[in-house]
Amino acid sequence: MTAKRNTAAALIRRAAPFAIRAERASDVVAREALLDACFGENRQARTCQRLRDGRAPAQGLSLAAVRQGDRLVGTVRLWHVSAGGRSALMLGPLAVD
């Protein structure tokens, strides 16, 4: 039997020099700029946006990826929706620089 090595955390830190945290109000400008860069400035006209209109993201499920100095490099949100009469979560938008 071989011993299990516990190296995953070290590998992740070297491969991904960023942190994932809850989205903050101070992220709004950077988040919107990142989403525009990824999806285009007309992204608000897309059908999936109609599903999000008038709703707040699911509490605790709006996340930001940040690098040194708190520079936003990624964003993801989940939203409560109804699908076929059942409660569901919708992913998006998801964007990474």
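Listing for the model above:
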{"quantity": "Evaluation of E41 against (1) in a helix (DSSP H, G or I); (2) of a type in the set (D, E); (3) loosely packed, with under 13 Cβ neighbours inside 10 Å (one fails), failing number", "calculated": "(1)"}
{"quantity": "Among (1) at pLDDT 90 or above; (2) in contact with a helix residue (DSSP H, G or I) (Cβ under 7 Å, 6 or more places away or on another chain) - the single one R43 does not satisfy", "calculated": "(1)"}
{"quantity": "Residue match in segment 49-61 (condition: under 11 Å from the mean Cα position of the chain (by Cα), surrounded by fewer than 16 Cβ atoms within 10 Å (Cβ to Cβ) and among the aliphatic types (A, V, I, L, M))", "calculated": "yes"}
{"quantity": "Residue count, segment 51-95 (criterion: assigned to a strand (DSSP E or B), in contact (Cβ under 8 Å) with a residue 40 or more places away in the chain and of a type in the set (S, T, N, Q))", "calculated": "2"}
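The values are calculated or read from the model by the stated rules, or taken from the named source; none is laboratory data. Since the structure is predicted, the reported quantities are computational estimates derived from the model, not experimental observations. Because the Cβ atoms are built from the backbone with ideal geometry, glycine has one as well, and the counts that use them run over all protein chains shown.
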